[in-house]
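Reading through the C-alpha cells given below for one structure.
What follows draws every value from the coordinates through simple rules; no lab data is involved. The structure displayed is predicted, hence computed values, not measured ones. Glycine gets a Cβ as well: all are built from the backbone with ideal geometry, and neighbour counts include every protein chain shown.
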Amino acid sequence: MPSTPCSAAPPATAEGATNRFQARCACRTFDCPELSLLIADAAPVVDPGAPVATPHRHPQWLLLVVLDGDQWMEVEGRRVRVERGRLLMLPPARLHRPLPQRGVPTQLVLLVEDDWLAALAGTQGLDPEALRAPLLQPIEGHEVLAVAERLAREHLGRLPGREAMLRLLAEQLARLCLRALAERPASARTARLVEQAVVYVETHLAEPLSRARIAAHLGVSCATLDRLLRTRLGCSPRELIYRSRLARARALLAHTECSITEVAAECGFASPSHLASRFRVAEGCSPRRYRARLRHG
C-alpha cells in the first residue's frame, strides 16, 4: 500500500533532545492491505537551511501519536498542537504538514484504509457517517500512550509473532480513536453539515464568500453555522474562509508556476498586496520568499 511520509527530509537531532524510542525517519515499518505503520522524526529543527515540509494529503486515515516531545501540525490552514501521549486523527485527503519547530519529537504514524476503519466502526455500533468530520482536538489519556508505546517497542524488537502483534496493537489503537469519535456529542447530521461547509468553501475560494452565503448553501441559520464550526473545527466562518484561502495559496506557491497575481485571484484575495499582507502575518514572509524557501532551501 503506497504511503506518503509526513516529512520533507530527515532532520538533524536537536541538541539536548531526548527520544524514548530510536526513530526511523519517514520509514514504512509495517505494512498490510489495511494498515501502514511508520515511526518517524518528522519535525524539522529550526534551521535557516533546513527543508520545509510542504502541505500534502494521504488517501488513508492518518492517526498520529507523539511519543516524546510536542508536535505542531498545520491542518487545512489551522495550527494544532499534539502533545506527548495525545492522538490526532485526520480523515483521508485532509491537507496537512508538520510545522518547523525546535526539537525533534518521536512520532508513531498509522495510515488506515477508509473501508477497513468504517467496517471496524460498524462492529462498535458507530455510524460510519460520523467519521466524515476531522477530529482536530487531539485525544488524551494513558490508554492511548500505553498502546502506542507498546506498538513502538514491538516494532523495534524482533520477537516471534511480531507481525501479528503489530497488527493487533494497531487495531487496538484504531479502536481507541473510534471510541473517542463515538463519545462526541455531535450527530452524524452535524458532521455532514460541517463537511459540506468545508467543501463549499474550498470549491468557491475564487468567489466572494461570506457567512451568510455558506449558511444559505447549507440551509441553516448564520447562528447555527457559527455553532457548528466553532464546536467541530474551533473556528468561525470567517476564519474558515481565511485559513482555506491561505492553505490553497501555499499549495499553489509550492506546486505550480502561477504568478503571485494568479495565486491571489485563484484564492479569492482582493489583490496581490492583500495576499502578501495576509501571508506575512501567517508565515512571516512574502509569498515570493515562501516559494523560494521551499524550492531552494
Per-residue HN-Hα couplings for the range 220-230 [Karplus 6.51, -1.76, 1.60; θ = phi - 60°; Hz; x = Gly/Pro]: 10, 6, 4, 5, 5, 4, 4, 5, 4, 5, 5
Counting pairs of alpha carbon atoms under 8 Å apart in space and at least six apart in sequence, what relative contact order in percent does the range 151-261 give? 20
J(HN,Hα) series, the range 265-275, from Karplus relation 6.51 cos²θ - 1.76 cosθ + 1.60, nearest Hz, glycine and proline x: 5, 5, 9, x, 7, 5, 6, x, 5, 5, 4
Checked against the positive end of the charge dipole of the range 194-249 (+1 on Cβ of Lys and Arg, -1 on Cβ of Asp and Glu, about the Cα centre), the farthest of 205, 222, 236 is 236
Per residue of the range 203-208, what does 6.51 cos²θ - 1.76 cosθ + 1.60 with θ = phi - 60° give for ³J(HN,Hα)? Whole Hz please, x for Gly and Pro, Karplus curve as stated. 9, 10, 5, 6, 9, x
